[in-house]
1. Please identify, among 33, 160, 12, the residue showing maximal mean-square fluctuation in a Gaussian network model of the chain using a 10 angstrom Cα cutoff.
2. Can you list which of the chymotrypsin sites (Phe, Trp or Tyr not before Pro) found in the stretch 22-116 are DSSP loop residues with at most 15 other C-beta atoms within 10 Å?
3. Select from 109, 134, 193 the residue farthest towards the positive end of the dipole of the chain; place +1 on Cβ of Lys and Arg, -1 on Cβ of Asp and Glu, and compute about the Cα centre.
4. Choose one of 52, 34, 64: the residue whose Cα lies farthest towards the positive end of the charge dipole of the stretch 1-71 (beta-carbon charges +1 Lys, Arg; -1 Asp, Glu; about the Cα centre).
5. Under a Cβ-Cβ cut-off of 14 Å, what is the net charge of the residues other than residue 251 that fall near it, where Lys and Arg count +1 and Asp and Glu count -1?
6. With +1 on each Lys and Arg Cβ and -1 on each Asp and Glu Cβ, and nothing else charged, work out how big the dipole of the stretch 148-246 is about its Cα centre, in Debye to the nearest 20.
7. Mind putting together the pair-distance distribution for the chain? All Cα pairs, 10 Å bins, whole percent per bin, short to long.
8. Could you check the spin-label model distance between residue 218 and residue 165? Points 7 Å from the Cα along Cα→Cβ, value in nm.
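The values are calculated or read from the model by the stated rules, or taken from the named source; none is laboratory data. On a predicted model such as this, the values are computed, not experimentally measured, just so you know. A quick note on method: Cβ atoms are made from the backbone with ideal geometry, for glycine too, and the neighbour counts reach across all protein chains shown. Areas reflect the complete protein model, heavy atoms only, side chains present, ligands, DNA and RNA absent. Shrake-Rupley method; radii C 1.70, N 1.55, O 1.52, S 1.80 Å.
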Amino acid sequence: LRIVRTAAEAALRCDRYRAAALSIGFVPTMGALHAGHASLLARARRECDRVVASIFVNPTQFGPGEDLARYPRPVDADLEVLRGAGVALAYLGEERDVYPEGFQTWVEVERLTAPLCGAVRPGHFRGVATVVTQLLSIVRPHRAYFGAKDYQQARVVERLARDLHLSTEIRTCPTVREADGLAMSSRNAYLEGEARRAAARIPIALEAARTLVLRGETAVARILEALREAFRPGPDLELEYAEILRADTLEGFEGGSARRSPGGILIAVAARAGGTRLIDNVVIPPEGA
Ligand code: PAF
């Protein structure tokens with residue numbers, strides 16, 4: 001594993017891989033690596049000649065009052081995970097290098113960032129889109145891997161790669177879950193006791209909603225009602241949003257009826273378990289897909 005800390009060094013190494021006709025698979029992360037990241041690294045390893053991973057806790061995607069300062073940064077353990085996964089190059093971004101003096105260029109993806117996390121975390125996706133564009137310009141990978149837990153992020157990244165004519169193919173990989181169904185997330189490390197137990201109600205609620213849709217229910221209001229019922233909010237689990245949208249455009253369903261549209265149906269929730277913000281979703285593909 002080669003470790004580099006500047007964009008210039010990372011770009012140089014990646015240029016060399018390309019010059020040697022080696023395909024590059026890229027996994028951008030903010031560290032605190034878990035089994036979800038490991039699955040992205042494993043897939044990149046299977047599909048590409050060289051795997052490049054970045055670790056950078058990107059300050060511009062955190063809002064005021066969010067957990068930037070306390071975000072876990074177990075760098076040594078992360079590097080062990082990267083070594084074990086056969087990663088060739090680790091780019092450990094440094095804030096002054098990623099955002100140099102005088103920085104003033106931002107990437108904004110418009111409609112896709114309006115609902116869901118975009119609505120409740122103003123500026124979040126501007127930070128994500130900007131840093132992902134920077135990382136893709138530095139590494140210029142053949143393929144880049146993102147987790148489906150961050151469904152809106154994956155759609156936003158696909159869109160920006162297309163709109164900015166980046167040559168990278170964006171791959172979205174299935175959410176990896178704990179034994180009780182809780183989606184893997186670096187923020188799960190904050191969960192303790194009752195909050196951890198309560199967090200497991202999130203996938204149960206999503207499953208209840210999915211079952212209803214698969215049985216033929218189309219009324220968004222009734223599906224949301226079933227989801228909220230299974231969710232059972234309480235002192236340890238608070239629902240921030242629950243939404244049912246077209247999975248491709250992230251637009252609402254006209255007339256409040258979620259038909260098995262060609263784009264599929266996204267059921268997405270954000271919740272706080274003991275103060276820790278968690279997101280999760282299920283996507284129901286179009287009938288016959
Ligand atoms: O999903 C993440 O870990 C981050 O949002 C990403 C894509 C690495 C950008 O900072």
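1. Looking only at 33, 160, 12, the largest GNM fluctuation is found for 12.
2. 103, 106
3. Ranked along the dipole, the leading option is 134.
4. Among 52, 34, 64, the one farthest towards the positive end of the dipole of the stretch 1-71 is 52.
5. Net charge around residue 251: +1.
6. Dipole of the stretch 148-246, to the nearest 20 debye: 280 debye.
7. That works out to 6, 27, 35, 23, 8, 1, in percent per bin.
8. 4.2
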